[in-house]
Amino acid sequence: MKSKPRAVFMAFGTKGDVYPVAAIAAAFASDQEQYQVVFITHSAHENLRVHLRANQVMYIPVSSPPAVSPLEHYGSTEVTFSAHKREITQNHRHECTLIFEDIFGDVPNVEGDLIAINFFALEGWSLAELFQIRCIVVAPYVVPYSAPSSFERQFRKELPDLYKYLQEAPSHKVGWKDVIHWMWPLFAEEWGSWRSLDLKLSAFPFTDPVTGLPTFHERLPSPLLLYGFSKEIVEYPGNLNQQNKLCSAHLGLQFFIEFPAKELPVFIGLSSVGSMGFLRNPRAFLRVLGTALDISGCRFILFSAGYKPLEEAIESYAKEASSCSEQTHWSNEGVSLFGGRLFCFCGSVPYNWLFPRCAAAIHHGGSGSTAAALQAGVPQVICPFMLDQFYWAERMFWLGVAPEPLRREHLVPDTDEDFYIKEAANMLVRALDHARSSEVKARALQISNKLSNEDGVSEAVRVIKEELRSCQ
């Protein structure tokens with residue numbers, strides 16, 4: 001019996017990095033029933049399992065965390081963090097190799113086999129080379145890093161033959177354009193040692209493992225690179241669960257939203273920023289929000305994103321407020337602070353349900369939050385912390401759907417001194433006033449209307465199918 005072709009989608013990172021690729025994997029499996037489709041990601045994204053299984057996609061977790069930050073080791077030595085990160089990376093790559101051996105090791109390759117990776121799953125490129133499977137890149141965000149300024153000079157000096165080989169490549173073959181755009185990390189020493197020692201490949205891609213010379217006898221096609229950007233220069237990850245329904249655990253949130261008030265509440269969510277170590281003083285963050293509420297008269301919805309220190313600070317605040325007879329509501333559905341004007345919620349809820357019910361969204365500039373706010377047509381206030389978050393914060397300002405990006409200390413100051421709290425709150429309120437202006441509201445709705453005519457997931461599946469046909 002002929003084996004089914006296999007399509008392995010591998011995505012690492014936080015939700016905004018992973019969920020869009022999961023949506024494409026599910027859509028691909030529904031459209032291409034002849035494929036065995038697998039999705040590999042962190043075990044932290046276990047909640048994807050049910051959605052993927054419903055679309056006949058096998059979910060395979062790896063134990064590595066979505067992100068590792070040196071700020072989590074605040075006060076520890078750099079060596080300690082480096083050793084910790086190195087151990088996580090080694091275990092992560094070992095797990096990935098074992099998974100690929102289970103999928104591709106015992107069964108001969110089938111025409112149409114495919115590996116799709118995001119930029120945080122570059123081990124997939126080398127594993128695709130090991131098992132001789134076509135590899136494409138599915139990127140729901142811009143390249144999160146650029147090559148060092150000295151990269152090309154060093155490459156030309158240390159690998160002159162390979163540099164010439166790549167420079168002379170025909171336009172449709174892998175060439176220097178691909179390396180300088182996104183492949184350059186594959187030529188770093190950390191990848192080379194893993195390739196040569198563990199995978200028994202050449203240390204550098206496109207070279208012979210014995211001679212170390214470029215593979216002049218074989219030039220691979222330039223890999224398909226699928227960016228998740230709308231023609232309006234935005235990204236929309238889609239949603240595996242399209243049903244806009246709320247369970248009973250969200251009734252407190254729904255009541256807060258629908259409570260009679262002059263304006264809709266403002267959403268605040270920093271996603272993985274806390275777990276990445278950037279939210280060092282959760283109590284100061286809550287004080288900023290409380291002071292901003294006093295100044296503006298707004299209402300806020302705060303998502304804790306499961307970050308325990310923030311949830312502990314919320315609990316502490318609630319207990320103190322309760323002892324002072326301030327209006328504070330404790331329940332399994334959420335916590336209301338500051339006279340009922342801040343609703344703190346620790347669960348999860350579809351952004352495509354929540355954001356249209358908000359006056360604005362304050363967030364960190366992650367691809368998922370940015371895309372959801374654009375799709376909903378709500379103004380944004382963005383406080384970026386790392387990587388492509390800075391790009392999207394600037395891009396939203398340029399598009400006219402957000403004010404200038406907030407500096408970190410104007411949302412999550414490290415100190416809770418009164419002066420800094422008040423300064424941060426004033427900056428936050430100023431940004432919110434700009435975001436809720438009639439011009440920004442109109443621009444946000446205009447872009448949302450344009451996006452409503454697009455279906456990025458279906459377009460991605462169509463392009464992948466075309467790529468597979470071109471290989472036959």
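We did not get these values from a lab; they are worked out from the coordinates using the rules stated. All values reported here derive from a predicted model rather than from experimental measurement. Neighbour counts run over all protein chains shown; Cβ positions are idealised from the backbone, glycine included.
Over the range 341-415, what is the mean sequence separation of C-alpha contacts under 8 Å (at least six apart), divided by residue count, expressed as relative contact order in percent?
About 25 percent, as a whole number.
Amide H to amide H under 5 Å from C344: which residues, 5+ apart in sequence or cross-chain, H placed 1.01 Å off N in plane?
L302, V335, S336, L337
Starting from the amide H of F120, placed 1.01 Å from N in the peptide plane, find each other amide H under 5 Å away whose residue is 5 or more places distant or on another chain.
Here the answer is F12, since their amide H atoms fall under 5 Å of that of F120.
Which whole-Hz couplings ³J(HN,Hα) result when phi for each residue of the range 37-47 is put into the Karplus expression 6.51 cos²θ - 1.76 cosθ + 1.60, θ = phi - 60°, listed in order with x for Gly and Pro?
With coefficients 6.51, -1.76 and 1.60, one gets 10, 10, 10, 10, 7, 5, 5, 5, 9, 4, 5 Hz.
Over what distance in Å are the Cα centres of the range 164-184 and the range 376-400 separated?
31 Å
What angle do you read, to the nearest 10 degrees and between 0 and 90, between the alpha-carbon axis of helix 308-323 and the longest principal axis of the chain?
The angle comes out at about 10 degrees.
Can you give the extra length, in nm with one decimal, that the chain gains between E190 and E101 once fully stretched, where that is 0.36 nm per residue apart less the Cα-Cα distance?
Contour length minus Cα-Cα distance gives 29.9 nm.
Take peptides 424-434, 190-200 and line them up by average Cβ neighbours within 10 Å, highest first, as a rough protection proxy.
Those peptides, ordered most packed to least, come out 424-434, 190-200.
Only bridges whose two residues both fall in the chain count here: according to DSSP, what percent of them are antiparallel, nearest 5?
20 percent
Placing unit charges on C-beta atoms (Lys and Arg positive, Asp and Glu negative, everything else neutral), compute the dipole magnitude of the chain about its Cα centre in debye, rounded to 20.
It works out to roughly 760 debye.
At q = 0.06, 0.07, 0.10 Å⁻¹, what is the log10 ratio I(q)/I(0) for the chain, with the Debye formula run over Cα points and no solvent?
-0.30, -0.41, -0.81
If R₀ is 51 angstrom, what is the calculated FRET efficiency for the pair K465 and D294, using the beta carbon separation as r and rounding to 0.05?
After rounding, the FRET efficiency stands at 0.40.
In nanometres, what is the gap between the two model label sites at S316 and K177, each 7 Å from Cα along Cα-to-Cβ?
Distance between the two pseudo-spin positions: 5.5 nm.
Enumerate the calculated ³J(HN,Hα) couplings along the range 103-113 in order (Karplus 6.51 cos²θ - 1.76 cosθ + 1.60, θ = phi - 60°), each rounded to whole Hz, writing x wherever the residue is Gly or Pro.
7, 10, x, 9, 10, x, 4, 10, 4, x, 4
What's the Kirkwood radius of the range 96-207 in Å, using all Cα pairs?
It is 15.2 Å.
Compute the signed sum of charges (Lys and Arg +1, Asp and Glu -1) over the other residues within less than 15 Å, Cβ to Cβ, of G297.
+2
Taking θ as phi - 60°, what are the ³J(HN,Hα) couplings along the range 442-451 by the Karplus curve (6.51, -1.76, 1.60), each to the nearest whole Hz, with x for Gly and Pro?
5, 5, 4, 5, 4, 5, 4, 5, 5, 5
Given labels modelled 7 Å from the Cα in the Cβ direction, how far is it in nm from S82 to N352?
Going by the 7 Å Cα→Cβ label model, 4.6 nm.
By a straight-distance test (C-alpha under 19 Å), which aspartates and glutamates pair with K450 as possible cross-link partners, with residues fewer than eight away in the same chain excluded?
In chain and number order, the partners are E232, E235, E439, E459.
Go ahead and run the numbers for FRET between R53 and D455, Cβ-Cβ distance against an R0 of 35 Å, rounding to 0.05.
The formula returns an efficiency of 0.90 here.
When Lys and Arg each count +1 and Asp and Glu each count -1, what net charge do the other residues less than 12 Å away from D113, Cβ to Cβ, add up to?
+2
Before rounding to the nearest 500, sum -39500 (n - 2.57) across all DSSP H runs of length at least 4 in the chain and divide by the residue total; then give [θ] at 222 nm in deg cm²/dmol.
Helix-only estimate at 222 nm: -12500 deg cm²/dmol.
Which length gain, in nm to one decimal place, applies between W398 and T215 when the Cα-Cα distance is subtracted from 0.36 nm times their residue separation?
61.4 nm
Any chance you could run the full-extension gain for E158 through Q446? It's 0.36 nm times the residue separation minus the Cα-Cα distance, nm to one decimal.
The span from E158 to Q446 would gain 98.6 nm if fully extended.
What does the charge count around W184 come to, taking other residues whose C-beta lies under 10 Å from its C-beta (Lys +1, Arg +1, Asp -1, Glu -1)?
-2
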